[in-house]
1. Is it the case that some residue within the stretch 160-182 is within 17 Å of Asp70 (Cα to Cα), open to solvent by 20 Å² or more (accessible area, probe 1.4 Å), free of Cβ contacts under 8 Å to residues at least 12 places away in the same chain and assigned to a loop (DSSP other than H, G, I, E, B)?
2. Being open to solvent by less than 10 Å² (accessible area, probe 1.4 Å) and in contact with a helix residue (DSSP H, G or I) (Cβ under 9 Å, 6 or more places away or on another chain) narrows it down to one residue among Asp18, Asp50, Asp70; which is it?
3. Restricting to the stretch 25-62, count the residues that are assigned to a loop (DSSP other than H, G, I, E, B) and touching a residue at least 40 places away in the same chain (Cβ under 8 Å).
4. What's the number of the only condition in (1) within 27 Å of Leu39 (Cβ to Cβ); (2) surrounded by fewer than 16 Cβ atoms within 10 Å (Cβ to Cβ); (3) in contact (Cβ under 8 Å) with a residue 24 or more places away in the chain that Thr154 fails to meet?
5. Might you check whether a residue that is over 24 Å from Arg185 (Cβ atoms) and either at pLDDT below 95 or under 11 Å from the mean Cα position of the chain (by Cα) (or both) occurs anywhere in the stretch 37-49?
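The values are calculated or read from the model by the stated rules, or taken from the named source; none is laboratory data. Note that the structure is predicted; figures quoted are calculated from it, not measured. Every residue, glycine among them, receives a Cβ derived from its backbone with ideal geometry; neighbour counts consider all protein chains shown. Heads up: the accessible areas ignore ligands, DNA and RNA and are worked out on the full protein's heavy atoms, side chains in. Shrake-Rupley method; radii C 1.70, N 1.55, O 1.52, S 1.80 Å.
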Amino acid sequence: MSTLQQLIEARNIPVPEDFFTKVEQYKALLEKWNKIHNLTGAKNLGQVDDFIVDAVTPLTFLPPLKKAMDIGTGAGFPGMILAIAMPETRFTLVEPLSKRFSFLQFVKADLGLDNVEVKGVRVEQLDPSPYDLVTSRAVTDTRMLMSLSEPFCTEGTLLLFYKGEKVYDEIDESLDYTIIEAENRHYLLIKR
């Protein structure tokens, strides 16, 4: 059993059977592309494993979802990893940087992820459309993320922002929100 599998099982994170096979493919592609394109700040595969666990931890508290969007997917965290872990959910990954967009497109094709659509534009350039879930990690502050998410929200949309401990300084008390803490992460879950 891999270290990644041990970490995920220790946290009781529900992932599909083929998750580990696909994630190993993803890690091999990331390692290969990262040498040339510097896609992520992860310095080794151990850090990549940490990023993967961080990405899928919300599966312990998210309801089933039909349609999700990840703003600023980067090298795939959390959007691509969530898409691998949630094959029943359609994911739109938004990444304006061309080298990261190309990598995400390649991963989608290589892993045969029919539930993924990659958009190589800024989120502000997309047509408004309702989603069940909008996620983002390490993009900007909460107020700005809420503003960027607004065209994609409808009643009941969940916003899931991967934040650090400063999240408490960014939160508007009038919101319907929960903060779930795990390791060094604060998952900010806002219901619209």
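1. No, the conditions are met nowhere in the stretch 160-182.
2. When all the criteria are applied, what remains is Asp70.
3. Going through the stretch 25-62 one residue at a time, the tally reaches 3.
4. Status for Thr154: all satisfied but (1).
5. Yes - at least one qualifying residue is present in the stretch 37-49.
Yes/no per residue for (1) crowded, with 22+ Cβ neighbours inside 10 Å; (2) in contact (Cβ under 8 Å) with a residue 60 or more places away in the chain; (3) out of contact with any helix residue (DSSP H, G or I) (no Cβ under 6 Å at 6 or more places or on another chain); (4) not in a helix (DSSP H, G or I):
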residue	(1), (2), (3), (4)
Lys99	no, yes, no, no
Phe106	no, yes, yes, no
Ala109	no, no, yes, no
Val118	yes, no, no, yes
Tyr131	yes, yes, no, yes
